[in-house]
Amino acid sequence: MALDSKVPQGPIKDKWTDYKNKINLVNPANKRHIDVIVVGTGLAGGSAAATLAELGYNVKAFAYQDSPRRAHSIAAQGGINAAKNYQGDGDSTYRLFYDTVKGGDYRSREANVYRLAEVSANIIDQCVAQGVPFARDYGGLLDNRSFGGVLVSRTFYAKGQTGQQLLLGAYSAMNRQIARGKIEMFNRHEMLDVVLVDGKARGIITRNLITGEIERHSAHAVVIASGGYGNVYFLSTNAMGSNVTAGWKIHKKGAYFANPCYTQIHPTCIPRSGDYQSKLTLMSESLRNDGRIWVPKNMDDVIAIREGKKKPTDLSEDERDYYLERRYPAFGNLVPRDVASRAAKERCDAGYGVNATGEAVYLDFAAAITRYGKEQAKIQNISNPSDAKIYELGQKIVEAKYGNLFQMYNKIVDQDPYKTPMMIYPAVHYTMGGVWVDYNLMTTIPGCYCIGEANFSDHGANRLGASALMQGLADGYFVLPYTIGDYLADDIRTGKISTETPEFEAAEKEVKEKIDFFVNNNGTHSVDYYHKKLGKIMWDKCGMSRNEKGLKEAIEEISELRKDFWQNVSVPGGSEEYNEELAKAGRVADFLELGELFAKDALVREESCGGHFREESAEESGPQKGEAKRDDENFAFVSAWEYKGEPKDAVLHKEELEFNDIELKQRSYK
Ligand SMILES: Cc1cc2nc3c(=O)[nH]c(=O)nc-3n(C[C@H](O)[C@H](O)[C@H](O)COP(=O)(O)OP(=O)(O)OC[C@H]3O[C@@H](n4cnc5c(N)ncnc54)[C@H](O)[C@@H]3O)c2cc1C
């Protein structure tokens, strides 16, 4: 199939404006006759559902949680980017565009990214109007902080709860439409298939997670906003329920998947503590504004710390290796995530990890606390303050900025991060890959759209911090509501879509058969048994670095594991009741297919870029330590991207690589 990105002609800065001027519209009276299904009510789906309903469409929205407020978006901590240039530090639409494309190792579709940068400023205005309580400075103006890979402060935030506050804004907008009857909300409903009629997406099959009832829902278009699939690794910073099912089901019906192997491994997460852990916890990137990352310089100190004979605070400045500041003086601790993660792995692989497993580095706030404390002492006219007083004053400032994150760390690790450095290690966090979409955010299935983290569109090989919320809300509030009209303009006379058709019947039958299989299989192993095994293969062989031998092994092993799953999985309970194991079984079945595609995609990419770090060595498999193709000091990828062969499911088209507007040189963060 030839992909058509539908990127409009013309200079990049005019594309979106010109396009909107010429696009087909549906008049307000006709919108009343058109139904749209939105699967997912996180920031992307929630904002889309609210806006589509506000415009006049009839929206049916679905979420597997008991309320849109519980979407995984609620977990977002650090902030949301926008090119407002409130700090007067040189920011602009172009700079946000440039940083995003460069941060993604030049693998994103530039026209989409430029549009994203353009609408970013509108998002902040929209959210402020909704009452989102963004942090403000002393004078009452909106405050900003900085995130990795950029040299300006453009991140708007609400303490460490930005996602929650934005979600409450989108949820309020949705609620208004629910009250008006323009959104019908289906909580606790899981989409288990999409229904195509004459090749167009015309509905979905869902399971009511409380009663087990299988339902048919029709519409003129279907929007998938189901979030990311990082849980294919079992352990990730994602919510436990985050899954790929909606994206995978549309993929199996014809929606192409792009860059499935592009995964973001976030550098600052609380390290894994044992085999029985089911979740990893992020410590927001915003902490790198003030936290300094280091490991001991000397191996003797590493050993002494591991054995409990020394504390990190015993080490003097010159006994510490602030390796990011050393290697990247311009960006320091705020290099992009992929760069910071690989640097942490490099130090830990070299033996400098500071915890018992050897997989931890320090994130230290002592310098920031002292700096803020001295400033406060000056402001408060305290002459000759003692060290203790300075620390007390500085701690208050750090607490005001990051207090909830410090509390979270304290509760999980049982150490006080105001007094001793945090221990952190990279963990799976975000998936840049996803369902392929064109400029309209439509998938390769006509009438089926995909927005938010579930699509592949804007972040290339590595997402910059605070850009996911921006993308989800740009898609939902400002892009999809326009572009979907171009397609729906042809549907104003179609009338209601019936669910009493052979297509709905067949899709429902298939869903029911799978559910019947699970509850009747009486196998020997739990769903989690398979999910954990899959996660281990993914982490060891498709994790932070990958090589040919390991990837080939992964493909084999996942395929074997999948066979075993379909023979021996055990799902207790019945199908016509609340059955969390049954819901999980369906999701893990899809992860077992996605995992294989993921490894195949990684295998054909003979390159290193962003979240994909390809090693030359084919000798060893498992967590590898070989030479990387990538020039590790300059972080320049050394070969132009070339897609070898035409693997069945993995797609990244040449047209994604439009280097016409910015020069593809080196991605140097020195
Ligand atoms: C710990 C953490 C912190 C983060 N912090 C930041 C940050 O500070 N800044 C930033 O920009 N990004 C951050 N991110 C990333 C960002 O939060 C996500 O990328 C973003 O919120 C995803 O939004 P979404 O709407 O696409 O998906 P989600 O919020 O995951 O919503 C998915 C929706 O789909 C529904 N759904 C899924 N499958 C189905 C199905 N089969 N049937 C029915 N419904 C379904 C769910 O119920 C849910 O409503 C963070 C991520 C994590 C994990």
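The values are calculated or read from the model by the stated rules, or taken from the named source; none is laboratory data. Note that the coordinates shown come from a computational prediction; the quantities given were computed from them, not determined experimentally. Reconstructed Cβ throughout: ideal geometry from the backbone, glycine too, with neighbour counts over all protein chains shown. Note: areas computed on protein heavy atoms with side chains; ligands, DNA, RNA excluded. Shrake-Rupley method; radii C 1.70, N 1.55, O 1.52, S 1.80 Å.
General remarks:
- The loop-placed trypsin sites (Lys or Arg not before Pro) in region 292-395, going by DSSP, that have at most 15 neighbouring Cβ atoms within 10 Å of their Cβ come out as K309.
- Relative contact order (%) - the chain, alpha-carbon pairs under 8 angstrom, separation at least six: 20 percent
- Sparse packing (at most 15 other Cβ atoms within 10 Å of the Cβ) combined with a DSSP loop state is found for the following GluC sites (Glu not before Pro) in region 533-612: E576, E577, E606.
- Of K84/K345; K249/K600; K200/K600; K252/K600; K378/K401, those spanning more than 25 Å from alpha-carbon to alpha-carbon: K84/K345; K200/K600
- In terms of accessible area, using a 1.4 Å probe and ignoring ligands and nucleic acids, H612, H429 rank largest first as H429, H612.
- Region 143-190 pair-distance distribution - Cα-Cα, 5 Å bins, rounded %: 5, 17, 15, 17, 14, 10, 9, 10, 4, 0
- Counting 0.36 nm for each residue step from D416 to A400 and taking away their Cα separation leaves a gain of 4.2 nm.
- Dimensions of region 463-576 from C-alpha coordinates, computed as largest minus smallest value along each principal axis and given longest first, are 52, 43, 25 Å.
- Computed about its Cα centre, the charge dipole of region 76-173 is approximately 160 debye, with only Lys, Arg, Asp and Glu carrying charge at their Cβ.
- Taken one residue at a time, the phi angles of region 423-437 give Karplus couplings (6.51, -1.76, 1.60, θ = phi - 60°) of 9, 9, 7, x, 8, 4, 9, 8, 10, 6, x, x, 6, 5, 9 Hz. Gly and Pro are set to x.
- Quarter of the Cα convex hull surface for region 358-458, i.e. its orientation-mean projected area (nm²): 10.6 nm²
- Applied to region 380-386, the Karplus parametrisation 6.51 cos²θ - 1.76 cosθ + 1.60 on θ = phi - 60° returns per-residue 3J(HN,Hα) values of 8, 6, 9, 8, 6, x, 6 Hz, with x for Gly and Pro.
- Antiparallel %, DSSP beta bridges [both residues in the chain], to 5: 65 percent
- Computed from the alpha carbon atoms alone, the convex hull of the chain holds 153 Å³ per residue.
- At 0.692 mPa s and 37 °C, Stokes D of region 1-96 from Kirkwood alpha-carbon radius, µm² per second: 193 µm²/s
- Relative contact order of region 63-219, defined on C-alpha pairs under 8 angstrom at six or more residues apart (%): 27 percent
- Scanning residues 5 or more positions from G203 or on other chains, those with amide H under 5 Å from its amide H are V195, A219, with H placed 1.01 Å from N in the peptide plane.
- Summarising the label geometry, the points placed 7 Å from Cα in the beta-carbon direction at M299 and K13 lie 5.6 nm from one another.
- Global size of region 152-305 as Cα Rg and Dmax, reported in angstrom: 21.2, 69
- Region 242-351: chymotrypsin sites (Phe, Trp or Tyr not before Pro) falling in loop per DSSP and having at most 12 other Cβ within 10 Å: Y276
- Distance between modelled label sites at E319 and Y578, nm, 7 Å Cα→Cβ extension: 5.4 nm
- Entry note, region 159-311: relative contact order of 14 percent, from Cα contacts under 8 Å with a spacing of 6+ residues.
- Helix-only CD estimate at 222 nm, as mean residue ellipticity for the chain, using -39500 (n - 2.57) per DSSP H run (n ≥ 4): -12000 deg cm²/dmol
- Computed from Cα positions, the angle between helix 337-349 and the longest principal axis of the chain comes to roughly 60 degrees.
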